[in-house]
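K.L.:
One structure coming up, written as structure tokens, with questions to follow.
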Amino acid sequence: AAPTGGLIIQGNVGIGTTGPVQLLDVAGTRGSAATSGIIQNGMVRIEPSVSAGGNNVLDFGIASVSTYGAWIQATDKTNLATTYPLYLNPNGGNVGIGTTAPGAKFEINQVGGAWSGGLRINNTGASSYWDIMSDPDLRIGNNGNAMMIIKTSTGNVGIGTTGPVAKLEVL
């Protein structure tokens, strides 16, 4: 039997495009997430109904400048300077970056050689950063330079050296 009630659409739906290539294809103007005012630069917004109340919204957009990434922002529609938490799997489950089968609550799958992946911690507004990665050794470095290494083959720990020859070697 055919479904009843509601709006039934078979095929792709396009908003801002006459040739949708996905089930829902939204085309719009690119721009970075707005950080003030009430006019967002995004392409898609999810918000509660008027009867549900609240000003919290989830906006999605595509950046218009290099590195041309995409963004998601949980914010307040009446003041874009207000931010809200973005929950990922709040009821459980694992989150992965670079993997389709994360084996931990948060897993980053590094692709490539030394310092090309892993976790980077930036100091906002400064030119320094810390990297944590494995290749298979665990490396912690500042600005791309190894500062501490744990050799997985030997268990040796090096500070200031990438090839520790003792259980603890400090240079």
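K.L.:
Can you name the strands (runs of 3 or more DSSP E) wholly within region 1-111 that have at least 2 residues being among the small types (G, A, S)?
P.N.:
Details: elements: 13-15, 24-26, 44-46, 56-62, 70-76, 79-83, 95-97, 106-108.
Of the strands (runs of 3 or more DSSP E) lying wholly inside region 1-111, those with at least 2 residues that are among the small types (G, A, S) span 70-76.
K.L.:
In region 128-171, what count of residues is obtained for those that are touching an Asp or Glu at 6+ places or on another chain (Cβ under 9 Å), small (G, A, S) and over 24 Å from I108 (Cα atoms)?
P.N.:
Number satisfying all stated conditions: 2.
K.L.:
Now, a different point. In region 66-112, which residue that is among the aromatic types (F, W, Y) and open to solvent by 60 Å² or more (accessible area, probe 1.4 Å) is nearest to P136 (Cα to Cα)? First the steps, then the outcome.
P.N.:
Taking region 66-112 as the starting set, the residues that turn out to be among the aromatic types (F, W, Y) are 68, 71, 84, 87, 106.
The next check asks that each one be open to solvent by 60 Å² or more (accessible area, probe 1.4 Å); those that pass are 68, 84, 87, 106.
Numbers: Y68: 31, Y84: 37, Y87: 31, F106: 18 Å.
This residue is F106.
K.L.:
A further question follows. Select, from I97, I72, the only residue that is of a type in the set (A, V, I, L, M, F, W, C), out of contact with any Leu (no Cβ under 6 Å at 6 or more places or on another chain), at pLDDT 95 or above and closer than 29 Å to L119 by Cβ. Reasoning before the result, please.
P.N.:
Values: I97 fails: at pLDDT 95 or above.
Criteria check complete, one pass: I72.
K.L.:
Please find, within region 30-65, the residue that is most open to solvent (accessible area, probe 1.4 Å) out of those that are within 28 Å of I8 (Cα to Cα) and hydroxyl-bearing (S, T, Y). Give the steps one after another, and end with the answer.
P.N.:
Here is the first cut: in region 30-65, the ones within 28 Å of I8 (Cα to Cα) are 42-53, 57-61.
Pick out the ones that are also hydroxyl-bearing (S, T, Y) and you get 49, 51.
Working: S49: 65, S51: 115 Å².
Residue satisfying both the conditions and the ranking: S51.
K.L.:
Against the definition (among the β-branched types (V, I, T) and closer than 30 Å to D131 by Cβ), how does I46 come out, yes or no? Spell out how you get there, then give the answer.
P.N.:
Values: among the β-branched types (V, I, T): yes; closer than 30 Å to D131 by Cβ: no.
So I46 does not fit the description; no.
K.L.:
I would also like to ask the following. Please identify the pairs in which a residue from region 39-51 that is farther than 14 Å from G16 by Cβ has its Cβ atom under 9 Å from the Cβ atom of a residue that is open to solvent by 70 Å² or more (accessible area, probe 1.4 Å), counting only partners at least 6 apart or on another chain.
P.N.:
N41/T29; N41/R30; E47/N56; P48/N56
K.L.:
Which of the residues belonging to region 143-155 are at pLDDT 80 or above and either in contact with a helix residue (DSSP H, G or I) (Cβ under 9 Å, 6 or more places away or on another chain) or surrounded by fewer than 15 Cβ atoms within 10 Å (Cβ to Cβ) (or both)?
P.N.:
Filtering region 143-155 down to residues at pLDDT 80 or above leaves 147-155.
Hits for region 143-155 are T152, S153, T154, G155.
K.L.:
Between a first residue in region 145-166 that is farther than 20 Å from W130 by Cα and a second residue that is in a strand (DSSP E or B) and among the hydroxyl-bearing types (S, T, Y), which pairs have beta carbons less than 9 Å apart while being 6 or more apart in sequence or on different chains?
P.N.:
What qualifies is T152/S134.
The values are calculated or read from the model by the stated rules, or taken from the named source; none is laboratory data. Remember, it's a predicted structure, so these values are computed and weren't measured experimentally. Positions of Cβ are backbone-derived with ideal geometry, glycine not excepted, and every protein chain shown enters the neighbour counts. Please note that ligands, DNA and RNA were not included when accessible areas were found on the heavy atoms of the full protein model with its side chains. Shrake-Rupley method; radii C 1.70, N 1.55, O 1.52, S 1.80 Å.
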